[in-house]
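The structure under discussion appears below in the form of structure tokens.
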There are 2 protein chains.
Amino acid sequence: MFKSLLATSLICLALTGASAQTQVEQWGIFEVALTGPTNGNPFLDTSFFVRFWQSNDARQVTGFYDGDGIYRARFMPERQGAWNYSTVSSAPELNGKTGTFMVTNPPPQDHGPVRVANTYHFAYADGTPYKELGTTCYVWAYQREEVQAQTLQTLATAPFNKVRMCVFPTHNDTNEPPLFPFEGKPATNWDFARFNPKFFQHFEQRILALQKLGIEADVILFHPYDAGHWGFDRMPPYVDDRYARYLVARLSAYRNVWWSLANEWDFVKAKQESDFVRIGELVAYEDPYHHLLSIHNGMKLFNYALPWITHASIQNGQAVENPASAEMYRDVYGKPVVYDEVKYEGNLSRRWGNLSAEELVYRFWNGTVAGTYVGHGETYASTNKTSTNSVVAWTRGGVLRGQSPARLAFLKQVLDDAPPEGIEPLDKWQNPEYGGQPGKYYLIYLGKSQPSSWTFLLPSPPMGDGVALEDGMTFKAEVLDTWNMTISPVPGEFVLKRKDAYFFTDRDGRAINLPAKPYLAIRIKRVKYY
Amino acid sequence: MFKSLLATSLICLALTGASAQTQVEQWGIFEVALTGPTNGNPFLDTSFFVRFWQSNDARQVTGFYDGDGIYRARFMPERQGAWNYSTVSSAPELNGKTGTFMVTNPPPQDHGPVRVANTYHFAYADGTPYKELGTTCYVWAYQREEVQAQTLQTLATAPFNKVRMCVFPTHNDTNEPPLFPFEGKPATNWDFARFNPKFFQHFEQRILALQKLGIEADVILFHPYDAGHWGFDRMPPYVDDRYARYLVARLSAYRNVWWSLANEWDFVKAKQESDFVRIGELVAYEDPYHHLLSIHNGMKLFNYALPWITHASIQNGQAVENPASAEMYRDVYGKPVVYDEVKYEGNLSRRWGNLSAEELVYRFWNGTVAGTYVGHGETYASTNKTSTNSVVAWTRGGVLRGQSPARLAFLKQVLDDAPPEGIEPLDKWQNPEYGGQPGKYYLIYLGKSQPSSWTFLLPSPPMGDGVALEDGMTFKAEVLDTWNMTISPVPGEFVLKRKDAYFFTDRDGRAINLPAKPYLAIRIKRVKYY
């Protein structure tokens, strides 16, 4: 596991109150920490910016007050080599400090932040494909320390490479937490003008812990599950903005951060769509690295066409009930589509929380061959009332009890083996079960049908996209049992022969024998490419 | 049938060369026709505008040259009472002419232009609901006179209230036409600086003929089916713009005009998306009445979120294979969704042209309960080589041979009986077969399932939309056989009792007996409302 230099250096800086770093790895964090004024309200009264530059690249980073007289500014260098910095502040002791440092090769586990790649897909900044496979642990950071440790232990062996997590506590899944984002007392006596640095220090550690596991943190800024209990869902707009700025200042240098403006934004009663547009524009502007940024819907889709939204983060269980539907939002937005909630594997009476594992895995595969990404969540009510998590376990973290994660690990293997440019729907309106890259790689998901054979048939893109198929091209095939997690190679090779305007078949008309079970997939690879 | 005064007055004006009208019906056409210069190029050299006003309403209308020295400006008054006008022109004989006229009550058949109503639906300007049910006769205006007459005869008894029709001819479905929109000779010798008034005079008559039948004309400005034969798909941008302006000047006073910027816009190889944005903005700006305006896709959706696009005119056959998918674009655009092409009833080998009538009607019903609108088209290859239409009959017009129009007439009756505000999906992600208006009217489409009974069950909107259901409310039910076109009332009344968080059932647990056939629907109306 990747042990970062970062945590150590952060501690050093906090103790010394001055920057001692002279080098940092690419996409690591270079931090300028200085001792400054403690009188008045340092969160509001003192401005602190640091400008970083090298040759033709310059970034201005907003600093933040971290309590105990310490001001910090964090920088994630995206290029190697020598960098310079210079501070600007309304406080003389924070102003005009300069320095230089070297940005070195990243360690093998550090691929940089995740970006949009090939329109509908993702890749790390160094070009390594990122095949998104997320889960939801909304309030794991609010649980007791041993539950948080258990969550990390679970995630270390789970297939997930993204976790959706809330900054604010949720009323139904959280006991009164020991730490809150603001100073003051619940619920009516918050000092919204003062953040609680201890809360954010802890939250940052959670993000860093995920980073060490190779997991992206999809940080959720707002949600409706406060329902007025603490009032974080109904703060004045200027407090929302200040909170968003402070969060971006603190977190944006963590390479594994994504921004999710809200969970179920339209259920946040005290906010309008225009409020989230304002906050979203603010985050997009303030974040010097342009981390992935989206917002998650309840019943009403957000306008994901807005230019600052990098991908669609959608709740819609029915959309992944077949690949044809799953694909539709790709056509609309021309951006990656992530179905972050498609209902959960569990046993709750509410209909969003009682999918079978089979059904959830089925939805993942439908989304996959449609060129989209699907999210996991688990909602088994605990049978043990004295356990650390009495209800809706995985929202809080802890252990996973479902049957889907093992199958999603299998899917993850398939995704990691798939073309780096991503899986595209190949015949979206006619044969949506075909995903892949034309002429190279095909993944055909047979869903709930239970065929005993499958006639070899490849779609010839009617619009001329991709590598054109030709008579004589050779392919190899495998049968994937997506539930039982087996891969069975089909003997021999398939040689193409045009069938009609829409399809090529094997020149000998070969079919593939199948075990007449549901949840099968066929994987076909061009011999030349693989 | 409505015999307009209009056609007569148009002829008078053309003969006298001066406006003699003193009154016009609301949403009719008041025309100012004047004799002006014939030297040079009247299409380009002479500007001609007419300003119309009454109290607090004023519109500027662009005139056009109609050949033979006649300049016309057409105005569709949207308010009754006295109106004034005054002309402005670069030619002295067309400048400074003034007059007044009265706008009278419209006749019963004249409800004005169709507008968007209730976000996802349509209504005429006078508030009368317009339940869209369109068909495609792309090049009927290019056929021989007797075929055109036959087409109108067919439409007079068909259920359709909208026809999609192209201005430009299509290469595969049109013999060399007697009239073209431009002066000059096919294909390389067009005079793009001179329109052919005779072509447009004829085209207008076709629009007026549809108007008399109560049919909207969805006028398609561009399409890819020229394929360079005449070159209308690859004119220079300034010619495209001039053509769009001329078309708007001539046609926008016809109340039954809709603008469709293109059919299968993304297949028009010589144009980019930005070209259609430019042309669309131009049409939206030039049209004083803001007729419905959209653009139809091939494989790539247009950005229907653009503010000047009034509704989404979508090709996507698979979207209406189930109501859940059909609904998805509503969520995205917040505008009416019209599936103008969902494949055609016919027997062609191409897969877009061989739906069974059952399948096409099935798609209409899926779209209907999802709160969207679906379009018809027919593509039976003629078996009679000497017939007026050798292939793809209905694209050219003539007669309809399919089995779907009768069933669509039945659907039209159901739509006309439905709530005027339109059918909304009532449980979009869970039970998409439920359309209607909560607490008042339910239309439940059972599709291809063949149930022998249906347990009375009404969804209780989880988000609190609409009229809340309560125990004790009473409803009556009918069984609709959408294929055999029968409506069978169910004896007695159903009295609500809450079942669980999501549903109300009948207090006696009653079910409705069904004939175990496909394509059934249940219609449920609240006793209080109907």
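The values are calculated or read from the model by the stated rules, or taken from the named source; none is laboratory data. This one's a predicted model, so the numbers in the text were calculated from it and none came from an experiment. Note that we place each Cβ from the backbone using ideal geometry, even for glycine, and neighbour counts take in every protein chain shown.
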## Note on the structure
Note on residue A:364: of the conditions (1) at pLDDT 95 or above; (2) within 14 Å of chain B (Cβ to nearest Cβ), unmet is (2)
### Query
If a residue has to be within 38 Å of the chain's Cα centre (by Cα) and crowded, with 17+ Cβ neighbours inside 10 Å to count, how many in the stretch B:504-520 make the cut?
5
### Task
Could you grab me the full set of residues in the stretch A:108-131 that are outside any strand (DSSP E or B) and out of contact with any Phe, Trp or Tyr (no Cβ under 7 Å at 6 or more places or on another chain)?
A:108, A:118, A:119, A:120, A:126, A:127, A:128, A:131
### Query
Can you tell me which of B:150, B:211 is assigned by TED's automatic domain parsing to the domain that holds residue B:276, surrounded by fewer than 19 Cβ atoms within 10 Å (Cβ to Cβ) and within 30 Å of residue B:361 (Cα to Cα)?
B:150
### Query
Under 7 Å by Cβ, and 6 or more places apart or on different chains, what pairs join a residue from the stretch A:258-276 that is over 13 Å from residue A:235 (Cβ atoms) with one that is among the small types (Gly, Ala, Ser) and surrounded by 22 or more Cβ atoms within 10 Å (Cβ to Cβ)?
A:258/A:217; A:260/A:294; A:260/A:313; A:261/A:280; A:276/A:262
### Query
Which one of these does residue A:291 not meet: (1) without any contact (Cβ under 8 Å) to a residue 60 or more places away in the chain; (2) more than 16 Å from residue A:408 (Cα to Cα)?
(1)
### Task
Scan A:324, A:319 and give me the residue that is in contact with a strand residue (DSSP E or B) (Cβ under 8 Å, 6 or more places away or on another chain), buried (at least 23 other Cβ atoms within 10 Å of the Cβ) and either of a type in the set (A, V, I, L, M) or in a loop (DSSP other than H, G, I, E, B) (or both).
A:319
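For (1) outside the structural domain of residue B:413 (by TED's automatic domain parsing); (2) surrounded by fewer than 18 Cβ atoms within 10 Å (Cβ to Cβ); (3) over 20 Å from residue B:256 (Cα atoms), each residue gets a yes or a no:
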| residue | (1), (2), (3) |
| --- | --- |
| B:78 | yes, yes, no |
| B:96 | yes, yes, yes |
| B:126 | no, yes, no |
| B:132 | no, no, no |
### Message
Of the conditions (1) modelled with pLDDT of 95 or more; (2) surrounded by fewer than 24 Cβ atoms within 10 Å (Cβ to Cβ); (3) among the aromatic types (Phe, Trp, Tyr), residue A:352 satisfies every one except a single condition; which number is it?
### Response
(1)
#### Entry: Test result for residue B:282, touching a residue at least 60 places away in the same chain (Cβ under 8 Å), over 24 Å from residue A:326 (Cα atoms) and either within 12 Å of another protein chain (Cβ to nearest Cβ) or aliphatic (A, V, I, L, M) (or both)
no
### Task
Run down A:289, A:304, A:254 and say which single residue is in contact with a helix residue (DSSP H, G or I) (Cβ under 8 Å, 6 or more places away or on another chain), crowded, with 18+ Cβ neighbours inside 10 Å, more than 14 Å from chain B (Cβ to nearest Cβ) and not in a helix (DSSP H, G or I).
A:254
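Within the stretch B:254-287, can you find the residues that are aromatic (Phe, Trp, Tyr) and under 22 Å from residue B:76 (Cβ atoms)? Please lay out each step first, then the result.
Here is the first cut: in the stretch B:254-287, the ones aromatic (Phe, Trp, Tyr) are B:254, B:258-259, B:265, B:267, B:276, B:285.
Across the stretch B:254-287, the qualifying residues are B:254, B:258, B:259, B:285.
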### Task
Among residues belonging to the stretch B:307-319 that are within 19 Å of residue B:123 (Cα to Cα) and touching a Lys or Arg at 6+ places or on another chain (Cβ under 9 Å), point out the one that is farthest from the other protein chains (Cβ to nearest Cβ).
B:310
### Task
Name the single residue, out of those in the stretch A:415-467 being touching a residue at least 40 places away in the same chain (Cβ under 8 Å) and among the polar types (S, T, N, Q), that is surrounded by the most Cβ atoms within 10 Å (Cβ to Cβ).
A:460
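This table checks each residue for (1) away from chain B (no Cβ under 14 Å); (2) closer than 22 Å to residue A:411 by Cα.
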{"site": "A:430", "(1), (2)": "no, no"}
{"site": "A:435", "(1), (2)": "yes, yes"}
{"site": "A:469", "(1), (2)": "yes, no"}
{"site": "A:478", "(1), (2)": "yes, yes"}
{"site": "A:494", "(1), (2)": "yes, no"}
{"site": "A:498", "(1), (2)": "yes, no"}
### Query
What's the number of the condition residue A:351 fails, among (1) more than 26 Å from residue A:434 (Cβ to Cβ); (2) more than 12 Å from chain B (Cβ to nearest Cβ); (3) not aromatic (Phe, Trp, Tyr)?
(2)
### Summary
Counting only residues that are of a type outside the set (A, V, I, L, M) and either outside the structural domain of residue B:240 (by TED's automatic domain parsing) or in contact with a Leu (Cβ under 6 Å, 6 or more places away or on another chain) (or both), the stretch B:280-304 contains a total of 1
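Conditions (1) basic (Lys, Arg); (2) part of a loop (DSSP other than H, G, I, E, B); (3) in contact with a strand residue (DSSP E or B) (Cβ under 8 Å, 6 or more places away or on another chain), marked per residue:
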position: A:73; (1), (2), (3): no, no, yes
position: A:85; (1), (2), (3): no, no, yes
position: A:106; (1), (2), (3): no, yes, yes
position: A:150; (1), (2), (3): no, no, no
position: A:164; (1), (2), (3): yes, no, yes
position: A:169; (1), (2), (3): no, yes, no
position: A:176; (1), (2), (3): no, yes, no
position: A:179; (1), (2), (3): no, yes, no
## Note on the structure
When (1) more than 14 Å from every other protein chain (Cβ to nearest Cβ); (2) buried (at least 21 other Cβ atoms within 10 Å of the Cβ); (3) under 21 Å from the mean Cα position of the chain (by Cα) are applied to residue B:271, the one that fails is (3)
### Task
Taking the options B:83, B:53, name whichever one is surrounded by fewer than 16 Cβ atoms within 10 Å (Cβ to Cβ) and aromatic (Phe, Trp, Tyr).
B:53
### Task
Residues being facing chain A (nearest Cβ under 8 Å) and under 13 Å from residue A:301 (Cα atoms): count how many of those fall in the stretch B:320-332.
4
### Message
Please verify whether residue A:250 is in contact (Cβ under 8 Å) with a residue 40 or more places away in the chain and either within 30 Å of residue A:111 (Cβ to Cβ) or within 24 Å of the chain's Cα centre (by Cα) (or both), treating the condition exactly as stated.
### Response
yes
